[in-house]
Amino acid sequence: MSGPALLLVRGEHERVVDWARKGVVAVHVVPLAEGWTGVLPAGERSAAAPPYDDAVSLLLGRPVSRRLLPAIGTARVGARQVWSLVPRVLRPRRRWLVWEPGAGLVRPGSLPAATVADLAAVAGRRAEREVLARVLRDGRGDADRLVTDVLGALGLPGAALATGQPVPQGATSVEPDRQDVTRFDRAVHEDRRWRAEVGGE
């Protein structure tokens with residue numbers, strides 16, 4: 001079960017709204033400090049057909065326009081806190097960090113793993129690596145405290161949003177464009193059909 005989620009991107013509010021409209025997840029777009037903009041899912045489900053209807057996983061895994069990089073996403077999944085990192089580089093690749101209470105950092109399954117240094121670099125705070133390492137490797141506490149401590153160490157806004165506080169006034173609610181949702185569903189359907197024919201599934 002997914003809990004609060006937040007995607008931080010660098011970009012003007014209207015540019016982020018345009019990007020959000022081309023997705024399949026209804027979101028709130030919130031202008032934040034230091035040039036960051038927050039994107040939060042407006043509900044648990046996306047507009048796409050199952051099994052691609054989990055709003056949190058689609059938001060954190062969605063490709064981000066290069067003009068909006070770097071991007072840092074975080075969400076509570078069960079008791080764990082998951083981080084999605086996309087740097088502002090020529091060929092950006094998404095990497096993942098997963099924190100678990102009682103254990104600290106754990107492997108993100110089959111997803112490409114990030115390091116504490118990656119998180120510091122994406123946030124533009126390389127000097128904070130040691131502080132971040134102590135916070136993330138400590139399994140004590142809960143996900144809300146972890147998010148607050150990590151964003152605080154990085155000097156990033158949005159801790160209240162990432163821990164489930166109400167969406168503030170000034171946020172823009174964005175519904176996905178129906179044509180983009182139809183295009184997404186069609187592409188997924190064709191990909192699954194191709195895999196079934198080629199792979200004999």
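Quick note: the coordinates plus some simple rules give every number you see, no bench work behind them. What you see is a predicted model; the values in this text were computed from it and never measured. So basically every Cβ, Gly included, is an ideal-geometry build from the backbone, and we count neighbours across all protein chains shown.
Before we move on, is Ala26 under 26 Å from Asp144 (Cα atoms), surrounded by fewer than 21 Cβ atoms within 10 Å (Cβ to Cβ) and either touching a residue at least 60 places away in the same chain (Cβ under 8 Å) or not basic (Lys, Arg) (or both)?
Working: under 26 Å from Asp144 (Cα atoms): yes; surrounded by fewer than 21 Cβ atoms within 10 Å (Cβ to Cβ): yes; either touching a residue at least 60 places away in the same chain (Cβ under 8 Å) or not basic (Lys, Arg) (or both): yes.
Here the answer is yes, as Ala26 does meet what is asked.
Just one of Ala47, Ala42 is in contact with a strand residue (DSSP E or B) (Cβ under 8 Å, 6 or more places away or on another chain), closer than 14 Å to Val174 by Cα, among the small types (Gly, Ala, Ser) and touching a residue at least 12 places away in the same chain (Cβ under 8 Å); which is it?
None of the other options fit; the residue is Ala42.
Kindly provide the set of residues from the stretch 114-127 that are crowded, with 19+ Cβ neighbours inside 10 Å and in contact with a helix residue (DSSP H, G or I) (Cβ under 7 Å, 6 or more places away or on another chain), ordered by number.
From the stretch 114-127, those crowded, with 19+ Cβ neighbours inside 10 Å are 114, 116, 119-120, 122-123; that's our starting set.
Those that are crowded, with 19+ Cβ neighbours inside 10 Å and in contact with a helix residue (DSSP H, G or I) (Cβ under 7 Å, 6 or more places away or on another chain): Val116, Leu119, Ala120, Ala123.
Do any helices (runs of 4 or more DSSP H) lying entirely in the stretch 128-173 carry at least 3 residues that are loosely packed, with under 15 Cβ neighbours inside 10 Å, and which ones are they?
The qualifying helices (runs of 4 or more DSSP H) are 129-137.
Scan the stretch 29-43 for residues that are among the small types (Gly, Ala, Ser) and either in contact with a Cys (Cβ under 7 Å, 6 or more places away or on another chain) or loosely packed, with under 14 Cβ neighbours inside 10 Å (or both) and report the count.
Total meeting the criteria: 3.
I'm trying to understand the selection: among the residues of the stretch 49-79, which are out of contact with any helix residue (DSSP H, G or I) (no Cβ under 7 Å at 6 or more places or on another chain) and not aliphatic (A, V, I, L, M)?
Pro50, Pro51, Asp53, Asp54, Ser57, Gly61, Arg62, Pro63, Arg66, Gly78 - these are the residues of the stretch 49-79 that are out of contact with any helix residue (DSSP H, G or I) (no Cβ under 7 Å at 6 or more places or on another chain) and not aliphatic (A, V, I, L, M).
Please verify whether the stretch 140-147 includes one or more residues that are in contact (Cβ under 8 Å) with a residue 12 or more places away in the chain and under 16 Å from Leu32 (Cβ atoms).
yes
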